[in-house]
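In what follows, a structure is listed as C-alpha cells, so that the remarks can point back to it.
The values are calculated or read from the model by the stated rules, or taken from the named source; none is laboratory data. Model, not experiment: these values are computed from the prediction. Every residue, glycine among them, receives a Cβ derived from its backbone with ideal geometry; neighbour counts consider all protein chains shown.
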Amino acid sequence: MMQFHLDNMTCGGCARSVTAAIKAVDPAASVIADPPARLVKIETSALREKIVAALILITRIKITQNTTFLTIGKKISIMFI
C-alpha cells in the first residue's frame, strides 16, 4: 500500500481528481482519498514512480525534491509515508 499526504486536497473535487489520475495509471487500483485528513491510500500494482508522476501531473506545477518530500509550489506537497 502507498500512502501520500496532499496538503491542498481539501474537497471532494480534489479527491476525485486524485482518484482519476491514479486510475489512469492503473484502472484496477483501490484508492481511498480522505480530504479532511489530506491523505490518499492506494493499493496498486503500478510502480510508485508512475503514481507519483500522475499526482504531479494533475497539479501542473513545477516541483523540487529533497530527501523526504516532493514539494509542489503553493504549499502543495507529497510526503512519502
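If you take the residues of region 22-41 that are in contact with a helix residue (DSSP H, G or I) (Cβ under 7 Å, 6 or more places away or on another chain) and modelled with pLDDT of 90 or more, which of them is surrounded by the most Cβ atoms within 10 Å (Cβ to Cβ)? Can you show your working first?
Looking only at region 22-41, we keep the residues that are in contact with a helix residue (DSSP H, G or I) (Cβ under 7 Å, 6 or more places away or on another chain), and these are 22, 24-25, 29, 31, 33, 35, 40.
Those still in the list that are modelled with pLDDT of 90 or more too: 22, 24-25, 29, 31, 33, 35.
On the way: I22: 25, A24: 13, V25: 18, A29: 17, V31: 20, A33: 21, P35: 17.
Step by step, filter region 22-41, then rank; the result is I22.
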K74 is checked against (1) assigned to a helix (DSSP H, G or I); (2) among the basic types (K, R); (3) modelled with pLDDT under 90 and fails just one. What number does that condition carry? (1)
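Which ones in region 1-56 are among the basic types (K, R) and in a strand (DSSP E or B)?
Applying the first criterion (among the basic types (K, R)) to region 1-56 yields 16, 23, 38, 41, 48, 50.
The answer is K41, and nothing else.
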